Amino acid sequence: MACSRGAASPDAHTQRRLFAASAGYCQNPGCACELFVDAAGESFHIAEMAHVIAAKDGGPRSNPELNREERGAFENLVVLCANCHTMVDKAPDAFPDSMMLGWKREHANKLQGLFGAVRFNDRTAARQVIEPLLAQNFAIFQQYGPHIEAAHNPESGAAEQWKRKMLTRILPNNRRALTVLDSNRHLLRDDEKLAIEQFRQHIDDLEAFHIEGNRQDASRFPDVLSKILGS
C-alpha cells in the first residue's frame, strides 16, 4: 500500500495498523473485494490508502484546519481497492467524510463477527475458533515455508509463493487468532497470557518484514500457543 503524500503519508506503524484493520479486504462495505490477487502465476495487491480528509488543501473532502501529520494519521485513512479509491475521490460530495469513517467502523464490526471475536464462557468453545486458524498456518508453513528445498532455488518461484501465502493467509489468520484471544483473556492461565504477548510481538515482526520490507529477523512463533486453551 503506497502513498506519496509527503508528511501526510502514514508512517510504517500506521501502515501495519491499516493492513491489520482491513484484513485483506476493501473497507467499502458495498465492495469488500479481496486486496490480494493472483493472476498469470503472480500475486499482487490492489490496496490503496485513501485519505478521508484530503492530503492537500483543495483535494477531496479537504479541511485546512488539519495539519499534515493529522492527515496521515490512522484515523484519517481507509484501505480501499483501486476502483473504490478513484470513486470516492472523483465524487467527494457523494462520499463525505462521515460516510467513509462509517465504512471503517462497519468493516471492523463485521470482521469481529467473522473472526469469532466474541466472549466465550469456556475454554473449549474458544479453542474451537482458534485451532483451525493455527492449524492452517502450520500446514502452510510446512508446505511453503522458507525451509523447504525449493526455497533455495531462486528460479522455482517458491519465495514468491511463500510471500503470497504469508500476506493472504498467515498474517490475516494471526490477526484473527489474536483478536479472539484478546477477547477471552478471562479464560487464560498466566503462562498463556505471556504467550499471547509473545505472539503479538511475533505478528508485529512478521508484518514489519513482509509488509514494510524490514529485513530484521522476526521473533519465533511461541510454541506454547499451539496448545493454548487446551485441557
Exercise. Being of a type in the set (Gly, Ala, Ser) and at pLDDT below 90 is the filter here, so list the residues in the stretch 184-214 that pass it.
Key: Ala208, Gly213
Self-check item: Selection count where residues are of a type outside the set (D, E, K, R), within 23 Å of Ala47 (Cα to Cα) and in contact (Cβ under 8 Å) with a residue 12 or more places away in the chain, scope the stretch 196-213
Solution: 5
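Look through Glu69, Glu48 and report the one residue that is more than 15 Å from the chain's Cα centre (by Cα) and not assigned by TED's automatic domain parsing to the domain that holds Arg200.
Being more than 15 Å from the chain's Cα centre (by Cα) and not assigned by TED's automatic domain parsing to the domain that holds Arg200 holds for just one of Glu69, Glu48, which is Glu69.
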Exercise. Of the numbered conditions (1) surrounded by fewer than 18 Cβ atoms within 10 Å (Cβ to Cβ); (2) at pLDDT 90 or above, Asp217 fails exactly one; give the number of that condition.
Key: (2)
Quiz item: Within the stretch 107-130, can one find any residue that is without any contact (Cβ under 8 Å) to a residue 60 or more places away in the chain, assigned to a loop (DSSP other than H, G, I, E, B) and not aliphatic (A, V, I, L, M)?
Solution: yes
Quiz item: Among the strands (runs of 3 or more DSSP E) confined wholly to the stretch 23-87, which include 1 or more residues that are exposed (fewer than 15 other Cβ atoms within 10 Å of the Cβ)?
Solution: 36-39, 42-45
Quiz prompt | Long-range neighbours under 8 Å by Cβ, at least six apart or interchain, first residue within 22 Å of Gln142 (Cα to Cα) and β-branched (Val, Ile, Thr) within the stretch 170-195, second part of a helix (DSSP H, G or I) and at pLDDT 90 or above | solution = Ile170/Asn137; Ile170/Ile140; Ile170/Phe141
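The values are calculated or read from the model by the stated rules, or taken from the named source; none is laboratory data. This one's a predicted model, so the numbers in the text were calculated from it and none came from an experiment. Cβ atoms come from the backbone with ideal geometry, glycine included; neighbour counts cover every protein chain shown.
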